[in-house]
Amino acid sequence: MFKAIIYTLFIISVAYNTFPLALGLNRDHRNPHLTNILLAAVFGLLQGVMYHIGSMLGDTFMHVFVIRYKWVVFGIMGAVSIRMMMEAFRIRRGERLFSFDNYVKFLLMAIAAGINTLIIGMTAGHFSPFERLMPIGLVVAGFLWSIAGISMNISRTNILLSSVLQLFSAGIIFFTALLYLFTNLWH
């Protein structure tokens, strides 16, 4: 039960990167609801795709680290969590909210939101919560975070909330990395 809770929180935290971008997506609330749902679906889908690409990339070289794989997985997840912590301060200052005036910029930012997911995906050979369901979980979590972000108004309070949630997500990823490194819960 504890393991399932940690896995679920981990997936929700990894997919969180879509929220700050989605918060800026519909800042003037001119997009029709169907368009917002489609854009959120693209955000979510790219989370799953980026994880899958990361897992294929990891399969090409992670076998080299078979002796120290726990430290490598910890290092990768630790680096992602530190990167997310640094981004939280950028969000707080309003630097990570974007306005999308065309779909090319939106697609590039959606891919950028999946970079952490791609990096985490490289560890899939050694750490993959819920096995093959991980990409599906990321699609669902990314979609839900995006819908939540699109639905909110941009205000100072919501920007601060986004920053705090980013820090919390980074903490969950780092906590999971520590558990993975120092316990045998995952075998």
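When you scan the stretch 134-187, how many residues do you find that are of a type in the set (Ser, Thr, Tyr) and surrounded by fewer than 20 Cβ atoms within 10 Å (Cβ to Cβ)? Lay out the reasoning, then the answer.
In the first step, residues of the stretch 134-187 are kept if they are of a type in the set (Ser, Thr, Tyr); the result is 146, 151, 155, 157, 162-163, 169, 176, 180, 183.
Cutting the leftovers down to surrounded by fewer than 20 Cβ atoms within 10 Å (Cβ to Cβ) gives us 151, 155, 157, 183.
Residues meeting the conditions: 4.
Could you list all residues from the stretch 55-75 that are under 19 Å from THR176 (Cβ atoms) and free of Cβ contacts under 8 Å to residues at least 60 places away in the same chain?
The first filter runs over the stretch 55-75 and keeps only residues under 19 Å from THR176 (Cβ atoms), leaving 55, 58, 62, 65, 68-75.
Across the stretch 55-75, the qualifying residues are PHE65, ARG68, TYR69, VAL72, GLY75.
With the condition kept exactly as written, say whether any residue in the stretch 74-84 is modelled with pLDDT of 80 or more, crowded, with 20+ Cβ neighbours inside 10 Å, in a helix (DSSP H, G or I) and in contact with a Leu (Cβ under 6 Å, 6 or more places away or on another chain).
Keep residues of the stretch 74-84 that are modelled with pLDDT of 80 or more, which gives 74-84.
Applying the additional criterion that residues be crowded, with 20+ Cβ neighbours inside 10 Å yields 74, 76-77, 80-81, 84.
Those left that are additionally in a helix (DSSP H, G or I): 74, 76-77, 80-81, 84.
Still in the list and also in contact with a Leu (Cβ under 6 Å, 6 or more places away or on another chain): 74.
For the stretch 74-84, residues modelled with pLDDT of 80 or more, crowded, with 20+ Cβ neighbours inside 10 Å, in a helix (DSSP H, G or I) and in contact with a Leu (Cβ under 6 Å, 6 or more places away or on another chain): present.
Does the stretch 108-121 contain any residue that is crowded, with 22+ Cβ neighbours inside 10 Å, β-branched (Val, Ile, Thr) and at pLDDT 85 or above?
yes
If I filter the stretch 138-164 down to residues being more than 24 Å from MET50 (Cα to Cα) and hydroxyl-bearing (Ser, Thr, Tyr), which single residue comes out as modelled with the lowest pLDDT? Quick ask: steps written out before the conclusion?
Of all residues in the stretch 138-164, those more than 24 Å from MET50 (Cα to Cα) come to 151-161, 164.
So of that shortlist, the ones also hydroxyl-bearing (Ser, Thr, Tyr) come out as 151, 155, 157.
Numbers: SER151: 84, SER155: 78, THR157: 84.
Residue satisfying both the conditions and the ranking: SER155.
The values are calculated or read from the model by the stated rules, or taken from the named source; none is laboratory data. These numbers were taken from a predicted model, which means no experiment stands behind them. Don't worry about glycine lacking a Cβ; one is built from the backbone with ideal geometry, like all the others, and counts go over all protein chains shown.
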